[in-house]
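Worksheet: the structure to be examined is printed underneath.
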Amino acid sequence: MPDRLSALDASFLYLEDSSTPMHVGSVAIFERPRAGFDYEQMLALVSHRLGYLPRYRQRVVSVPGHLARPVWADDVDFDLNYHVRRSALPAPGTDDQLFDLVARLMSRRLAPERPLWEAYFVEGLAGDRVALVTKTHQSVVDGIGTIELGQLILDTAPAEPEDHDEDSWAPRPQPSRAQLVLDAVSETVQRPGELVENVRSFAGDAAATVEKFSGAVGGVASALRTMARPAPAGPLNVRISGGRVFAVVRTRLEDFRKIRAEHGGTVNDAVLAVITGALREWLQSRGVTPTGETTIRALVPMAVRDADSVGFSPAGLVGNEVDAYLVDLPVGEANPRLRLQHIGHAMTDHLDSGRSVAARALLRVGGFAPATLHSLGARAAGSFSGRIFNLVITNSPGPQQPLYAGRAKMTEMYPVIPLVRNQALAIGVTSYHGGVYFGLNGDRKALSDVDVLAGMIEDSLEELKGVNR
C-alpha cells in the first residue's frame, strides 16, 4: 500500500502560496566549546540520527490527474548537504543580524521536489556562539511517526562529536506514474467519494478540506463551540506579503512563577496576560484606542494529557494530544491584574475538563519536546479558518536543565510560528533552563514595528510584576 498523505497533511500543501509558506521553524543558539563545534560536526550529528526520522528522507510525489492525495516516497537523490547548510554573519555578528537572517530564511518556501525541511548552521555570532535555524513543513511533523529535528539532536549531557561516516541508507525506488494511477484507481473504487474531495482540494477549495479534517489534529474540537463568532477586526488581520520580520524577547521563568504565586492562576495565564498588555500598548501606538470591551482573539494550542492516562512516552504525549483553545485577550482592560484574572477565568474550562496541561510530563520526555509541540501547535492553527481568531500563540514548557548538541551547550531557543492567511503576527513561547523565550514572527509590511512590540512585552512584564495583590 502507498504511504499516502493524510487529508490534513495534503491540505497544508494545497493551502501554501508565496505569502503563506506552511513551515514551522526554530532558532537555537549555542555556546561554542573550547574544543570547537563546526559545521562538519553538526552535519555528522544530524546524519547519525536521521535514521530515526524516515520522513526526513522522503519527498512528496503527486498522483497524475490528482486522482488521489500525494504519497510519500524515498528521495532517491537525497543530499544531506543540501538540507543542512552552512551560513555566516558578517562582523560584528549581532543578534539583530541573526534574526534578520531568520526572517529572510522563513519567508522562502521549501522546495517541493525535495524532502520538506532545511537546517542552517550559522557561524559568526558575537561571543563565540553559533546558531541552528530549522524549517520543517507542517505536513511532515505529526508527533506520532515524525518529531521535529530539533528534538532529536539535543542531549542532556555533552557528547563527543560523531564521525561523519558513509551513510548506509538505501532508498526504495520511487513509484512509477502507472503505479501511482493504479493505486489511486484501486482506492477510488473502494471509496469513490474521495475522488471528488481530492479534485476539490487541489482546485482551490482546500479550506473546506481543512475544516472537514480539522479533528485529525487531536482535541481541536474543543474550540468549535466558538467558531460561529468571527474574530474582532483590527490591524493584525490584513492581507499579508511574502516578507517576514522576526524579533525575540528574553525573560526569566522565575518572574512568571512569582506572578503566579502572588496572583494565582498558572504560568501560562501570566504569559498570556503579559502578551495582552503588550498588544494593548501596541494598539495605542498605532492610534487605536481600546475600549473596555475591546478584545483580540488568540488561538492557543496546548499539549495535554487525559486524566485517566497512565504513564508518559514521547509518542503517547505529543501524538494527537494538542487542544486548541480560543481565548479572548482583554486588551481593553487597563488594569494588568484584572487582565490576568480575565485570562485565568477564560482558561478555567480547560483546567476543569479532565485534561491537564502536561508540563511536568514534558520534562521527562527525551530530547527537546517543545520543538515538536510548537510544530503540532502550528498544525492545529492551520486546521482552522483564520476568520475565527486574530493570532496564534503557542506556549510549550521545556526542560530546566541545559541541553547539548554534541559538546555545544544550548543557551537560548526561539520558536518561529508560521503566519496563516490574513494574519500579520504569530507568537511562540518556550521555557528552557530558567528562561522564557518569545519568538515574534510578523509580516514585513503589516508589522514592520515588530521590534517595538517585543519591547512592549518586556514593559508589560515589568508592569505585571509591580502590581500588588
Task: Translational diffusion coefficient (Stokes-Einstein; Kirkwood radius from C-alpha pairs) of the stretch 11-164 at 37 °C, 0.692 mPa s, in µm²/s - done: 196 µm²/s
Task: Additional length obtainable on full extension of the chain from Ala126 to Arg421, 0.36 nm per residue less Cα span - done: 102.6 nm
Task: Largest to smallest principal axis extent of the C-alpha atoms in the stretch 1-92, angstrom - done: 56, 31, 20
Task: Förster radius 25 Å - calculated FRET efficiency between Ala111 and Val181, Cβ distance, rounded to 0.05 - done: 0.50
Task: Rounded FRET efficiency, nearest 0.05, which uses the C-beta distance separating Met1 from Arg252 and R0 of 30 Å - done: 0.05
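Taken together, the values in this text are just the output of simple stated rules run on the coordinates, not laboratory data. All figures in this text were calculated on a predicted structure; none of them were measured in a lab. Heads up, the Cβs are rebuilt from the backbone with ideal geometry, glycines too, and the neighbour counts pull from every protein chain shown.
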